[in-house]
Amino acid sequence: MPFNVCYYHFVWTTKNRSPLLLADVESLVYRSIDETSKSLQSPILALNGLEDHVHVVVRLALKVAISDWVQRTKGTSARTVNSTYPDLEQRFRWQESYGVLTFGAKQLDFVVNYVQQQKDRQNRIEPYLETTEENGP
């Protein structure tokens, strides 16, 4: 088996940045993302966000393409929410775009800490870790 230690930071938003990641929905989304990533043999190192977006730090398995991992985790989590809560005021959806950055072991603690402290950040953000569109910073 080839040696691989590649870390990825993903960020994506709810459709139209609707504040849908509250309490039970947030917990369900995070559990779904974690389970889907485990099924792809790609361990999650940090997972957190705010009511309109999510950050994930993951070590992708070599056999998993970035786009496939994103499609599976976003798709499965949205379907899980919509089937668990069919009476939500609006259907749960993710924005199509996402941001992904690679980084090495030296930056791992910084990025994991950044994600873990999302709710405590109080407007102290790193724009490059928040970018989900091609025309970002």
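The values are calculated or read from the model by the stated rules, or taken from the named source; none is laboratory data. Computed from a predicted structure; not experimentally measured. Counting neighbours? That spans all protein chains shown, and the Cβs are built from the backbone with ideal geometry, glycine included.
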_Residue that is surrounded by the most Cβ atoms within 10 Å (Cβ to Cβ) [pool: residues in segment 1-15 that are over 20 Å from GLN118 (Cβ atoms) and in contact (Cβ under 8 Å) with a residue 60 or more places away in the chain]_ = CYS6
*Among the residues of segment 69-119, write down those that are closer than 20 Å to VAL58 by Cβ, of a type in the set (Phe, Trp, Tyr) and in contact (Cβ under 8 Å) with a residue 12 or more places away in the chain.*
TRP69, TRP94, TYR98, PHE103, TYR114
*Any idea which of LEU47, LEU22, LEU60, LEU28 is crowded, with 18+ Cβ neighbours inside 10 Å, aliphatic (A, V, I, L, M) and more than 12 Å from the chain's Cα centre (by Cα)?*
LEU60
*Single match in ARG31, ARG59 (criterion: at pLDDT 95 or above, within 12 Å of HIS9 (Cα to Cα) and in contact with a Ser or Thr (Cβ under 9 Å, 6 or more places away or on another chain))*: ARG59
*Please go through segment 16-33 and pick out each residue that is closer than 24 Å to GLU126 by Cα and either among the small types (Gly, Ala, Ser) or free of Cβ contacts under 8 Å to residues at least 40 places away in the same chain (or both).*
SER18, PRO19, LEU21, LEU22, GLU26, TYR30
*asked:* Give me the residue from segment 86-123 that is surrounded by fewer than 12 Cβ atoms within 10 Å (Cβ to Cβ), of a type in the set (S, T, N, Q) and out of contact with any strand residue (DSSP E or B) (no Cβ under 7 Å at 6 or more places or on another chain) and, out of that set, farthest from SER18 (Cα to Cα).
replied: ASN113
*Please list, ordered by first then second residue, the pairs with beta carbon atoms under 8 Å, 6 or more apart or interchain, first in segment 38-56 and in contact (Cβ under 8 Å) with a residue 60 or more places away in the chain, second basic (Lys, Arg).*
LEU45/ARG59; ASN48/LYS119; LEU50/LYS119; HIS53/ARG17
*Pick from segment 22-38 the residues that are of a type in the set (Gly, Ala, Ser) and out of contact with any helix residue (DSSP H, G or I) (no Cβ under 8 Å at 6 or more places or on another chain): which of them is nearest to TYR7 (Cα to Cα)?*
SER27
